[in-house]
Amino acid sequence: MPIARDVAIPLREVVLRASRSSGPGGQHANVTASRVEASFDVAASETLTDAQKARLAARCGPVVRAVAQDARSQARNRELALERLRGRLSQALHVRRPRTATRPTKASKQRRAAAKSRRSGIKRDRRRPSAEE
């Protein structure tokens, strides 16, 4: 199961468990195990590096879980659960690019100063006229 560009987790490391779905559905929901829970044990993974394991454990905990009970069939719920698990793992493994500090341009400084003076002029015009005017 591909997670990121350079990370893929084999499906043997993902534990899938089926159970009865909750909520409405009538007789069908009462007799079929269509709810699927996909769980991934971060510490037991053989494919992830130690840095990736630490990152996942810090962001998602030692076991990452995803549940799906939206669809009527177990097969579709399995796909949904795996897709949700993949999304959680990829989001947790994503390393944000450090922000590069930039300085405001000369034109933006001038625009800001002009806007401030324009606003102060509006406020000045609202005041009660002084005795000397």
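The values are calculated or read from the model by the stated rules, or taken from the named source; none is laboratory data. Being a predicted model, the structure only gives us computed values, none of them experimental. Note that each Cβ is placed from the backbone with ideal geometry, even for glycine, and that neighbours are counted across all protein chains shown.
Out of curiosity, is residue 85 hydrophobic (A, V, I, L, M, F, W, C) and closer than 12 Å to residue 4 by Cβ?
Details: hydrophobic (A, V, I, L, M, F, W, C): yes; closer than 12 Å to residue 4 by Cβ: no.
No; evaluated as a whole, the condition is false for this residue.
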Within the group 85, 48, which residue is closer than 22 Å to residue 12 by Cβ, at pLDDT 90 or above and not acidic (Asp, Glu)? 85
Name, by its number, the condition in (1) surrounded by fewer than 18 Cβ atoms within 10 Å (Cβ to Cβ); (2) within 22 Å of residue 19 (Cβ to Cβ); (3) of a type outside the set (A, V, I, L, M, F, W, C) that does not hold for residue 34. (1)
Contact list, first residue from segment 93-120 and closer than 30 Å to residue 47 by Cα, second anywhere and in a helix (DSSP H, G or I) and of a type in the set (D, E, K, R), beta-carbon distance below 9 Å, six or more apart or interchain, is 93/55; 93/59; 95/55
Tell me which residues, restricted to segment 37-54, are within 19 Å of the chain's Cα centre (by Cα) and either loosely packed, with under 11 Cβ neighbours inside 10 Å or over 30 Å from residue 21 (Cβ atoms) (or both). 52, 53, 54
Within segment 4-29, the residues that are assigned to a loop (DSSP other than H, G, I, E, B), at pLDDT 85 or above and surrounded by 15 or more Cβ atoms within 10 Å (Cβ to Cβ) are 7, 9
Odd one out for residue 95 among (1) at pLDDT 90 or above; (2) under 23 Å from the mean Cα position of the chain (by Cα): (1)
